[in-house]
Amino acid sequence: MAPEADLVEVRGAGDDDVATIASLRSAWAGGDPVNPDLAERIAAWLADEGERRTTWLAFSGELPIGMAGLVEYRRMPRPGRADSLWGYVSSMFVLEGFRNRGVGTALLGALIGAADERAYARLVVSPSDEAVSFYHRGGFLMPGSEVGADLLLV
């Protein structure tokens with residue numbers, strides 16, 4: 001049985017978590033086995049992303065069950081306007097057997113908390129059709145009536 005949200009640990013991913021991220025990414029891609037170089041490719045990609053990308057992992061005990069990412073964007077300075085930062089929610093994934101148990105909500109809470117600490121002007125996500133109601137429950141709003149539009153948390 002899948003854990004309830006209070007039994008889920010969410011923590012920031014570190015350099016030692018590349019294999020875990022690769023495993024979750026493989027599961028997200030339909031359960032294809034992790035090919036030998038996927039972890040190396042993800043490690044290189046994360047290195048290229050640098051400090052602007054933060055990844056969180058969700059665990060049930062020792063078992064990794066989900067992940068989420070946050071990419072920081074720095075707005076180009078503009079006359080008469082304060083510099084600002086905003087975040088883009090990415091790579092939100094929970095293993096199928098653990099969905100609808102609060103895992104995604106715990107991951108999203110970690111992202112929103114980081115965005116608040118970093119004083120982001122907003123968070124943006126481009127959800128799949130299936131995920132729109134999840135992000136609405138998390139406080140994200142659609143800034144228009146276009147189907148498939150980005151959702152914002154301001």
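The values are calculated or read from the model by the stated rules, or taken from the named source; none is laboratory data. Since the model is a prediction, treat every value here as computed from it, not as a measurement. Glycine gets a Cβ as well: all are built from the backbone with ideal geometry, and neighbour counts include every protein chain shown. Accessible surface is based on the protein model in full, side chains and every heavy atom, while ligands, DNA and RNA are left aside. Shrake-Rupley method; radii C 1.70, N 1.55, O 1.52, S 1.80 Å.
Considering only the other residues whose Cβ falls under 11 Å of the Cβ of Ala39, what net charge follows from Lys and Arg at +1 and Asp and Glu at -1? Spell out each step's value before the answer.
Working: positive: Arg25, Arg41; negative: Asp17, Asp37, Glu40.
Here the charged neighbours net out to -1.
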What number, rounded to the nearest 500 deg cm²/dmol, is the helix-based mean residue ellipticity at 222 nm of the chain, given -39500 (n - 2.57) per DSSP H run of at least four residues and division by all its residues? -8500 deg cm²/dmol
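If you place +1 on the Cβ of every Lys and Arg, -1 on the Cβ of every Asp and Glu, and leave all else neutral, what size is the dipole of the chain about its Cα centre, to the nearest 20 Debye? Don't jump to the answer; show the numbers that get you there.
Details: 14 positive and 22 negative charges, 135 e Å.
Taking the Cα centre of the chain as origin, the dipole is about 640 debye.
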By the gyration tensor of its Cα atoms, with a ≥ b ≥ c the square roots of the eigenvalues, what is the shape of the range 6-68: rounded for a/c under 1.5, prolate for a/b over b/c, or oblate? oblate
Could you check the spin-label model distance between Asp15 and Ala82? Points 7 Å from the Cα along Cα→Cβ, value in nm. 3.5
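Compare Met67, Met76, Met142 by solvent-accessible area with a 1.4 Å probe and give them largest first, with all protein chains kept in place. Numbers along the way, then the final one.
Numbers: Met67 5, Met76 155, Met142 65 Å².
So the residues, ranked largest to smallest area, are Met76, Met142, Met67.
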Could you calculate the contour length gain from Met142 to Arg52, that is, 0.36 nm times the residue separation minus the distance between their Cα atoms, to one decimal place in nm? 29.9 nm
Length-normalised contact order of the range 9-147 in % [C-alpha pairs under 8 Å, at least 6 apart]: 20
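Taking every DSSP beta bridge that has both residues in the chain, what percent is antiparallel when rounded to the nearest 5? Mind dumping the intermediate values first?
On the way: 25 of 27 bridges.
If we restrict to bridges inside the chain, about 95 percent are antiparallel.
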Distance (nanometres) between label positions extended 7 Å along Cα→Cβ at Ala131 and Ala44: 2.5
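If you roll a 1.4 angstrom probe over the protein chains with everything in place, what fraction of the accessible area of the range 1-103 belongs to carbon and sulfur, to the nearest %?
On the way: 3160 of 6370 Å².
Taking all protein chains in place, the range 1-103 shows 50 percent carbon and sulfur surface.
When the chain is fully extended, how far beyond the present Cα-Cα distance does Arg99 get from Val71, taking 0.36 nm per residue of separation? Present the calculation step by step, with values, prior to reporting the outcome.
Details: separation 28, 0.36 × 28 = 10.08 nm, distance 2.35 nm.
Stretched fully, the Arg99-Val71 segment lengthens by 7.7 nm.
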In the chain, with Lys and Arg counted as +1 and Asp and Glu as -1 at Cβ, which of these residues, Pro143, Leu24, Val71, has the Cα nearest the positive end of the dipole, that is, farthest along it? Pro143
Give, as a single signed number, the net charge of other residues whose beta carbon lies under 13 Å from the beta carbon of Glu72, with Lys and Arg counted +1 and Asp and Glu -1. +2
Calculate how steeply helix 103-117 sits against the longest principal axis of the alpha-carbon atoms of the chain, using the helix alpha-carbon long axis, and give the answer as 0 to 90 degrees to the nearest 10. 40
